[in-house]
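For reference, the structure is listed below as structure tokens.
The values are calculated or read from the model by the stated rules, or taken from the named source; none is laboratory data. From a predicted model like this one, the values you see are computed outputs, not experimental measurements. Cβ placement follows ideal geometry from the backbone for every residue including glycine, while neighbour counts extend to all protein chains displayed. Accessible surface areas use protein heavy atoms only, side chains included; no ligands, DNA or RNA. Shrake-Rupley method; radii C 1.70, N 1.55, O 1.52, S 1.80 Å.
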Amino acid sequence: MRSGSLTRRLNLESPIINAPMIGAAGGELAAAVSKAGGLGLIGIEPKGTKEWFAQQFRWCHNLSTPWGVGFIGWSLTEDLAFLRHILSHQPNFMSASFISASDRRMSEAFAVAKDLGIITSIQAGSAREVDEALTADVDVVVVRGSEGGGHGRNEVATLPLLQYAKSATDKPVVAAGGIGTARGVAAVLAGGADAAWIGTRFITARESLAHPTKKSAVGHATLDDTLYTNAFDIAQKLPWEREYGGRALKNAFAEEWVGREDELLQAVEASDNITQSVNEAIASGNLDKLPIYAGEAAAFTTHQGQSVAEIVEELDEFRTHLEQASTTWARKPR
């Protein structure tokens, strides 16, 4: 695929793709994004049951517009039967994150999708990952900057990473991280992105799977209310590589342990007390210790709970900003 062909091949009316956020981006949200003219993605929970998947996919089966799925990359490397089951529901687009594009098993997974005519993409969060993605047999590269919420790298901001990728390839490139307004969409499109990958802005949508406690916390957050840390993963004993920390809302637990992750790891290995306290916070909704992954674009969300259609309509005002900039800086005759 060549730059500019992604939206044409999918026949999109809007350059908005929702991030496949596990715990937020279910079938209802994905279907709503697609109905609004963008590309809706369902976040594929590695431990999800077939019944849960059937419930989510039911929202998308009768869509007349394209939709897709997003995987945590390492969930595809052990058994391709899981991938084949998901793809049997006939998505149009598949994304993978948190794995090298050069991984042989990932290449096999992409080959399965391509044989079914599904567009493939992989997330890159550093110059090295962009380089690997550009040489791999993958259709689309999603450049995710450090402003983005949830798991990812914390090495390069979105606009520098986008510029780096666009200078090196004619493949479609999608920009992710910190995009939450029409101006943000306009900025990445002007920078050469084929589409804008939006996560945090959709967490608070009425169609989101996120718990009301999390929606409220994200909706009240300001630009300075996030941090990047491995603390929650370490505390919960989750199998995330240390290179993939997560951007989350600040709370007492995160601020206590940010920058002290090695010390936290030792404490967790010595006793189950911390793990138990965080798990209890998740169960009870205790915001002092509850992991709430969100990016810097939390500042542009609302606690009032907009619909997906309303959010996409706002983001689609990017055209106004591009037109204004074009008029202001129109080339003058010499």
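Each row is one residue, and each column tells you yes or no for (1) touching a residue at least 24 places away in the same chain (Cβ under 8 Å); (2) under 24 Å from Met1 (Cα atoms).
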position	(1), (2)
Gln163	yes, yes
Lys166	yes, yes
Val185	yes, yes
Gly191	yes, yes
Gly199	yes, no
Pro212	no, no
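Being free of Cβ contacts under 8 Å to residues at least 40 places away in the same chain, assigned to a loop (DSSP other than H, G, I, E, B) and crowded, with 19+ Cβ neighbours inside 10 Å holds for only one residue in Ala101, Ala96, and it is Ala101.
Among the residues of the range 83-93, those identified as in a helix (DSSP H, G or I) and more than 21 Å from the chain's Cα centre (by Cα) are Arg84, His85. The set of residues in the range 148-171 being part of a loop (DSSP other than H, G, I, E, B), over 22 Å from His321 (Cβ atoms) and not acidic (Asp, Glu) consists of Gly149, Arg153, Asn154, Val156, Ser167, Ala168, Thr169, Lys171.
The residue pairs whose first member lies in the range 251-271 and is under 18 Å from Ile292 (Cα atoms) and touching a residue at least 40 places away in the same chain (Cβ under 8 Å), whose second member is open to solvent by 20 Å² or more (accessible area, probe 1.4 Å) and among the charged types (D, E, K, R), and whose beta carbons are closer than 9 Å, counting only pairs six or more residues apart or on different chains, are Asn251/Asp288; Asn251/Lys289.
Restricting attention to the range 226-248, the residues being in a loop (DSSP other than H, G, I, E, B) and either crowded, with 18+ Cβ neighbours inside 10 Å or aromatic (Phe, Trp, Tyr) (or both) number 3.
Exactly one residue out of Gly180, Gly184 is part of a helix (DSSP H, G or I), in contact with a helix residue (DSSP H, G or I) (Cβ under 8 Å, 6 or more places away or on another chain) and over 17 Å from His151 (Cβ atoms): that is Gly184. Would you confirm whether or not the range 65-79 contains a residue that is at pLDDT 95 or above, among the hydroxyl-bearing types (Ser, Thr, Tyr) and over 18 Å from the mean Cα position of the chain (by Cα)? There is at least one residue in the range 65-79 that is at pLDDT 95 or above, among the hydroxyl-bearing types (Ser, Thr, Tyr) and over 18 Å from the mean Cα position of the chain (by Cα).
In this structure, does Ala109 turn out to be part of a helix (DSSP H, G or I) and at pLDDT 95 or above? Against the criterion (part of a helix (DSSP H, G or I) and at pLDDT 95 or above), Ala109 does not qualify. Hey, any hits in the range 295-306 for a residue that's touching a Phe, Trp or Tyr at 6+ places or on another chain (Cβ under 9 Å) and open to solvent by 90 Å² or more (accessible area, probe 1.4 Å)? Within the range 295-306, not a single residue is touching a Phe, Trp or Tyr at 6+ places or on another chain (Cβ under 9 Å) and open to solvent by 90 Å² or more (accessible area, probe 1.4 Å).
If you go through the range 168-187 and keep only what is out of contact with any Leu (no Cβ under 8 Å at 6 or more places or on another chain) and open to solvent by 30 Å² or more (accessible area, probe 1.4 Å), you end up with Asp170, Gly178, Arg183. Restricting Leu322, Leu290 to residues that are farther than 23 Å from His220 by Cβ, surrounded by 12 or more Cβ atoms within 10 Å (Cβ to Cβ), at pLDDT 95 or above and among the hydrophobic types (A, V, I, L, M, F, W, C) narrows the list to Leu322. Scanning the range 39-74 for residues that are in contact with a strand residue (DSSP E or B) (Cβ under 7 Å, 6 or more places away or on another chain) and either among the small types (Gly, Ala, Ser) or assigned to a helix (DSSP H, G or I) (or both) gives Gly40, Gly43, Gln56, Gly68, Gly70, Gly73. All of (1) in a loop (DSSP other than H, G, I, E, B); (2) without any contact (Cβ under 8 Å) to a residue 60 or more places away in the chain hold for Arg206 with one exception: (2).
Among the residues of the range 250-264, not a single one is farther than 20 Å from His220 by Cα, outside the structural domain of Ala176 (by the TED database) and touching a His at 6+ places or on another chain (Cβ under 8 Å).
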